[in-house]
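Trainee: Before anything else, here's the structure in question.
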Amino acid sequence: MTRNRAGCPDWCRGHGCALGEHRAHPVRLQLPNGSAVLTRVAGRATQHAEVRLSVRLPADDTAAQHRLLALLFQLQTLTATLPEVSS
Ligand SMILES: [Zn+2]
């Protein structure tokens, strides 16, 4: 990770650095049934992707619960298929 004179990675937007983490500008993605905001965040030793996901749910409560379960399953599948990262 390349750092500038202030000690921030080149991609850091410069907010919250004094709190011990560096954050990139969030990237917003419009989805067919919602939206996602992806932000790169680096701490002292590791970095991660912060993902905020908003998905419309059906009005029917049972259908909404099924959608939530499907989301949990898909999120597990998504992160399980990513290659391991060594720190
Ligand atoms: Zn920073």
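Trainee: Sort 56, 40 by Cβ crowding within 10 Å, fewest neighbours at the top. It would help to have the intermediate numbers written out before the result.
Mentor: On the way: 56 12, 40 18.
Taking fewest neighbouring Cβ atoms as first place, the list is 56, 40.
Trainee: Okay, which of the range 18-53 sit inside 14 Å, backbone N to the point 7 Å along the Cα-Cβ direction of residue 2?
Mentor: No residues fall inside that zone.
Trainee: Further question on the same structure: Between helix 61-80 and the chain, what is the angle of the helix's C-alpha long axis to the longest principal axis, kept within 0 to 90° and rounded to the nearest 10?
Mentor: Helix 61-80 sits roughly 40 degrees off the main axis of the chain.
Trainee: Please report, in whole Å³, the volume per residue of the convex hull around the C-alpha atoms of the chain.
Mentor: On the way: hull volume 10.7 nm³, N = 87.
Convex hull volume per residue, Cα atoms: 123 Å³.
Trainee: How far apart, in nanometres, would the label points at residue 77 and residue 27 be if each is projected 7 angstrom from Cα along the Cα-to-Cβ direction?
Mentor: 2.2 nm
Trainee: How do the peptides 16-23, 70-77 rank, highest first, by the average count of neighbouring beta carbon atoms within 10 Å per residue? Walk me through the intermediate numbers first.
Mentor: On the way: 16-23: 13.9, 70-77: 10.8.
In decreasing order of mean packing, 16-23, 70-77 become 16-23, 70-77.
Trainee: Could you go through the range 32-47 in sequence order and give the Karplus-derived ³J(HN,Hα) for each residue, using 6.51 cos²θ - 1.76 cosθ + 1.60 with θ = phi - 60°, rounded to whole Hz, and x for Gly and Pro?
Mentor: Going residue by residue, I get x, 10, x, 8, 9, 10, 10, 10, 7, 10, 10, x, 5, 10, 9, 9 Hz, with x marking Gly and Pro.
Values quoted throughout were computed directly from the atomic coordinates according to the rules given, and no laboratory measurement underlies them. Everything numeric in this text was worked out from a predicted model, so none of it was measured. Every residue, glycine among them, receives a Cβ derived from its backbone with ideal geometry; neighbour counts consider all protein chains shown.
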